[in-house]
Every structure is written in C-alpha cells, then in structure tokens.
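What follows is a short report on a single structure.
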Amino acid sequence: MSNSPTARIFLGINAAFSILTSAVLVTIPETVNLMMFVEPEGWKPVIVRLLGVGLVIFAFDLIVMATNRFVTKSETLLIVAADAGWTAASLLTIVFLDEAFTSEGVLAVEIVATFVALLAIGQYVGAGQIVAPLSKASVRFSEGKVIASVKRHVKAPPSTVWEVMTDHPGYADVANNLSKVEILSGDGIGMMRRCFGLKGESWVETCNIFEKGHAFGFNIHTDAPDYPYPISELNGRWAIEPSDTGSAFSIEIAAKPKGGIIARKLFALVARRRFNTVLVELADAWAERMEREVLA
C-alpha cells in the first residue's frame, strides 16, 4: 500500500485539533457556556462536558490511524463522513437555533465548522491516494484470542519461498521488531530458536509444526522475564502453496492477551491495526527478498 502522507497528515491535524477543543470544553465548561449561550444554565454545561469527553475518544482513534502506515481508504472515509456530519450539524444548529447563541457563540461554531470542513476535504483527497496492499491481512477475535493472518502471492517457486521462510537468522532482517534470531538446537519438530527484540530483550520459540516444503509453526514462550508484549499465549503458523504465477505464502498468529477484562478490551482496541501493520510489513519484506532471490 502506498503510504499516503496526505491522509495521515490531515488525520494527525484532526487529532490535535480534537484534543485542543476537548481540553477547553472539559476544563473550563462554565466559561464556554457563558461565551456561547444566551442562557447558559440548565442542561448546557452537561452537554459541553459530554462533548469534550466524546472528542477525547475521537482523538484517540485518530492518533492510532495517523500513526498507522497502512491506514485504509475505508477507515479514512469514515472519518471524512464524521467530519462532514459535524459540519452539517453545526450549520443546521446555527440556522434553526441561532437565538440560543450569543454572537460570539455563533462565530465560534462557524469557525470550528469551517476548520472541520477543511480537514474533511484534506482527508478525502488523502484517501484517494491510498492503494490497497498486495499483502492481504485480516484480524478477528475468537474465544478470547486475537487471530491475525496475512497472505501474499509472489513470483517465486515454492522451493525458494520455503528456503527464505526457513532462514531463521534471516528472519530478523524482515521482522521490524527483531534485531537477531539464533538457532539454539534441533531441526524440524522441537527445534528451538531465540529471538532478540530491539532493546536487547529475548525469548525462546519452539517449533511445534513442521511439514517440510509446506508449513511450520512455533510456540512462543511468553513467560520469559523480559518478554516485551502483554500476551500470555502466542502461536504462529507459516505455510506455502503453489500458484499459477509462482507461490502464495501465509502467516497466522494466535495471541491471548494478559490481564483482566479491561486490559483485554484495550489490547483488542489496539491489536486490530497493530497486527495488521506488522503482518503486512513482514509479508512485503519477505516477498521482496523471495523475488530478489529468483533474479539473483
């Protein structure tokens, strides 16, 4: 997927604007009420606070999207629709409820609506620049686990794909979260390898699936003292199959998060985009190496 800087820049600006606006609404709602409304008492202070809290949640989602290199066109267009709805609602409020607002209040609504409309336009233009990735990833939730997978077609024979995928030390060259991988012992079922993170942390992985030339899998020992992720169980499976143009390889990861229900909900909130990004980047890097090996 092309990394659309336009979409991500405008999503980031939208997040910053939402945080700034929510900070004002939550911290000084009384001042906002006095400035905005002719009659500031009654239900209006509560609405102002609730609007501020809603913008905080909206801003968090925008931050996740703006920092995602593989933000999708549909995700971006959903934000465009939300901003367009805000703009339309603001204009309708001014038209039909103008007597409830002070002149300063009307001006504030108009300024915010104009800025939000400009953000919507920028995000819409950016969404048009996003191209779907060649690597097809998906994330789902089942029985308390996150199941993430990716599939990629490459112009390389299965033998080359298998050779690259089973180059365990070379795994660190394509996985952005690893600095080194070393084989500890064995070959096939029971083989053990140690993976090192970017900060020197390490953990052991044991091969629990091995079908030579077709598939292999690892159980990741997440009980390592310095294992860096909030995951209690983690398993991965890598597979290859021939295709009309060469081969197709797939990766499936099953992860069970640590902690109670709140921790698991937060993990699920972040996991969908994070796993999607990690797997697409890994598949793209592997595909590039596989096709380069064919030409070598």
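Side notes on the structure shown:
- Of all residues in region 226-246, those that are over 23 Å from residue 195 (Cα atoms) have Cβ atoms under 6 Å from Cβ atoms of residues that are of a type in the set (Val, Ile, Thr), 6 or more apart or on another chain, in 246/154.
Residue by residue, here is whether (1) of a type in the set (Asp, Glu); (2) surrounded by fewer than 19 Cβ atoms within 10 Å (Cβ to Cβ) holds:
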residue	(1), (2)
208	no, yes
211	yes, yes
230	no, yes
240	no, no
244	yes, yes
253	no, no
259	no, yes
262	no, yes
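- Filter result for residue 146 (under 25 Å from residue 268 (Cα atoms) and touching a Leu at 6+ places or on another chain (Cβ under 6 Å)): no
- Yes/no for residue 99 being surrounded by fewer than 17 Cβ atoms within 10 Å (Cβ to Cβ) and not in a helix (DSSP H, G or I): no
Residue by residue, here is whether (1) closer than 21 Å to residue 276 by Cα; (2) among the hydrophobic types (A, V, I, L, M, F, W, C) holds:
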site: 221; (1), (2): no, no
site: 226; (1), (2): no, no
site: 230; (1), (2): yes, no
site: 233; (1), (2): yes, no
site: 237; (1), (2): yes, no
site: 246; (1), (2): no, no
site: 255; (1), (2): yes, yes
site: 262; (1), (2): no, yes
site: 265; (1), (2): yes, no
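- Cβ-Cβ under 8 Å pairs, at least 6 apart or on other chains, region 76-103 side closer than 20 Å to residue 39 by Cα and in contact (Cβ under 8 Å) with a residue 24 or more places away in the chain, far side of a type in the set (Phe, Trp, Tyr) and crowded, with 17+ Cβ neighbours inside 10 Å: 100/37; 101/37; 102/37
- Test: residue in region 153-163 that is in contact with a Pro (Cβ under 6 Å, 6 or more places away or on another chain) and closer than 20 Å to residue 212 by Cβ: yes
- In region 275-290, residue modelled with the lowest pLDDT [restricted to those that are surrounded by 17 or more Cβ atoms within 10 Å (Cβ to Cβ) and among the charged types (D, E, K, R)]: 281
- Test: residue in region 39-56 that is of a type in the set (Val, Ile, Thr), under 30 Å from residue 133 (Cβ atoms) and within 20 Å of the chain's Cα centre (by Cα): no
- Pairs with Cβ under 8 Å, 6+ apart, first in region 23-52 and polar (S, T, N, Q), second assigned to a helix (DSSP H, G or I): 33/44; 33/45; 33/48
- Strands (runs of 3 or more DSSP E) contained in region 177-296 and holding at least 2 residues in contact with a His (Cβ under 8 Å, 6 or more places away or on another chain) and not aliphatic (A, V, I, L, M): 202-211, 231-243, 246-257
- For beta carbons closer than 8 Å, sequence separation of 6+ or different chains, a first residue in region 258-286 that is touching a residue at least 60 places away in the same chain (Cβ under 8 Å) and a second that is assigned to a helix (DSSP H, G or I) and aliphatic (A, V, I, L, M), the qualifying pairs are 270/64; 273/64; 273/65; 282/174; 285/174; 286/164; 286/165; 286/174.
- Flag not set for residue 212, criterion: assigned by TED's automatic domain parsing to the domain that holds residue 187, more than 22 Å from residue 164 (Cβ to Cβ) and of a type in the set (D, E, K, R).
- Matching option when the condition is touching a helix residue (DSSP H, G or I) at 6+ places or on another chain (Cβ under 6 Å) and under 30 Å from residue 136 (Cα atoms), among 67, 6: 6
- The set of residues in region 114-144 being surrounded by fewer than 19 Cβ atoms within 10 Å (Cβ to Cβ), in a helix (DSSP H, G or I) and hydrophobic (A, V, I, L, M, F, W, C) consists of 115, 117, 118, 121, 125.
- Residue, surrounded by the fewest Cβ atoms within 10 Å (Cβ to Cβ), within region 1-43, restricted to residues that are more than 30 Å from residue 284 (Cβ to Cβ) and touching a Pro at 6+ places or on another chain (Cβ under 9 Å): 30
The values are calculated or read from the model by the stated rules, or taken from the named source; none is laboratory data. Given the structure is predicted, the values throughout are model-derived calculations rather than measurements. A quick note on method: Cβ atoms are made from the backbone with ideal geometry, for glycine too, and the neighbour counts reach across all protein chains shown.
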